[in-house]
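Have a look at the structure below, then the notes.
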Amino acid sequence: MPVPSVLVFDVNETLVDIDSLSPLFAELFGDERVLREWFAQLVMYSMSATLADSYVDFSTLAQGVLRMVGDIHRVAVSDEHVHRLKTGLLTMPAHPDAAEGLARLKDNGFRLVTLTNSPPNPDGPTALQSSGLAEFFEHQLSVDACHAFKPSPAVYRYACETLEVAPTECMMVAAHVWDTLGAQNVGFSGALIARPGNPPLPVAGLPQPNLVASDLRQLAAELIDS
């Protein structure tokens with residue numbers, strides 16, 4: 001694998017910790033594990049909207065999916081709960097390894113950008129800015145510019161066009177195989193950050209990540225050593 005010059009980072013779960021939303025789900029459903037059910041449904045319906053050539057932004061979709069999951073569990077989801085979710089999505093903390101790993105990569109000459117399903121926030125800081133990680137990145141890109149969600153090929157091509165680089169110069173760094181699959185489909189290399197609950201997908205015939213790392217410190221060490 002050629003060493004990439006541009007590292008394109010997913011944000012949710014890869015850089016910031018969605019488990020910070022667990023208290024809301026524990027209070028609302030009596031089981032914090034419903035967080036993972038909600039997030040899986042959110043990702044599924046984001047992809048479904050793109051396949052159906054429809055679009056609403058990720059925050060709006062997240063709020064609607066919370067109400068849907070409430071109906072599934074026969075739990076009343078109030079406007080206050082929805083507001084807390086919206087606020088929580090904008091204030092998720094960075095993973096403990098993120099700043100150190102990003103600093104090492106930047107100091108060693110890699111270009112760092114983000115590409116997230118989350119929209120820009122016209123009313124204040126984004127999750128990346130709230131987490132304190134924004135300073136490491138030269139660009140903060142959102143799929144909102146494409147009106148399509150990852151892993152649509154259009155999203156990764158948009159990133160390349162914005163950065164004026166070829167796909168082969170880029171590596172997608174994500175905690176989700178569906179994201180690395182989408183990027184690899186258009187010519188990126190892929191690095192999977194195997195956070196808890198996000199292992200590789202060992203299926204013959206599907207592209208496997210070029211690198212698998214437990215966190216960003218390990219990713220930095222492997223890329224710098226190479």
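General remarks:
- Taken along its three principal axes, the alpha carbon spread of the stretch 150-226 comes to 31, 28, 19 Å, from the longest extent down to the shortest.
- Per-residue 3J(HN,Hα) values for the stretch 172-188, derived from phi via the Karplus relation 6.51 cos²θ - 1.76 cosθ + 1.60 with θ = phi - 60°, read 7, 10, 8, 8, 10, 5, 4, 6, 5, 4, x, 5, 5, 4, 9, x, 5 Hz in sequence order (x marks Gly and Pro).
- Of the solvent-accessible surface of the chain, computed with a 1.4 Å probe over protein heavy atoms with every protein chain present, carbon and sulfur atoms account for 53 percent.
- Computed from Cα atoms, the angle from the helix 58-73 axis to the main principal axis of the chain rounds to 50 degrees.
- Distance-filtered residues of the stretch 2-24 - backbone nitrogen under 18 Å, label point 7 angstrom along ALA103 Cα→Cβ: 15-16
- Cα centre as origin, Lys/Arg/Asp/Glu Cβ charges: the stretch 18-90 dipole, Debye: 40 debye
- The stretch 18-90 - accessible surface per residue (Å², probe 1.4 Å): 53 Å²
- By the Stokes-Einstein formula, at 0.692 mPa s and 37 °C, the stretch 31-90 with its Kirkwood radius over alpha-carbon pairs has D equal to 275 µm²/s.
- Residues in the stretch 174-192 that a label on LEU201 would reach, taking backbone N under 15 Å of a point 7 Å out along Cα→Cβ: 174-186, 190-192
- Span from the the stretch 30-57 Cα centroid across to the the stretch 102-143 one, whole angstrom: 23 Å
- Cα-Cα separations in the chain greater than 32 Å, expressed as whole percent: 15 percent
- At an R0 of 22 angstrom, the distance between the Cβ atoms of ASP123 and ARG67 translates into a FRET efficiency of 0.55.
- Tilt relative to the chain, helix 153-163 - C-alpha long axis, 0 to 90 degrees, to 10: 60 degrees
- Applied to the stretch 88-101, the Karplus parametrisation 6.51 cos²θ - 1.76 cosθ + 1.60 on θ = phi - 60° returns per-residue 3J(HN,Hα) values of x, 5, 8, 10, 5, x, 5, 5, x, 8, 5, 4, 5, x Hz, with x for Gly and Pro.
- Helix 216-225 and the longest principal axis of the Cα set of the chain meet at an angle near 10°.
- Residue-span extension gain [VAL56 to THR91] - 0.36 nm each, minus C-alpha spacing: 10.5 nm
The values are calculated or read from the model by the stated rules, or taken from the named source; none is laboratory data. Quick caveat: nothing in here was measured; it's all calculated off a predicted structure. Using ideal geometry, Cβ is built from the backbone for each residue, glycine included, and neighbour counts are taken over all protein chains shown. These area figures cover heavy atoms from the full protein model, side chains too; ligands, DNA and RNA do not enter into them. Shrake-Rupley method; radii C 1.70, N 1.55, O 1.52, S 1.80 Å.
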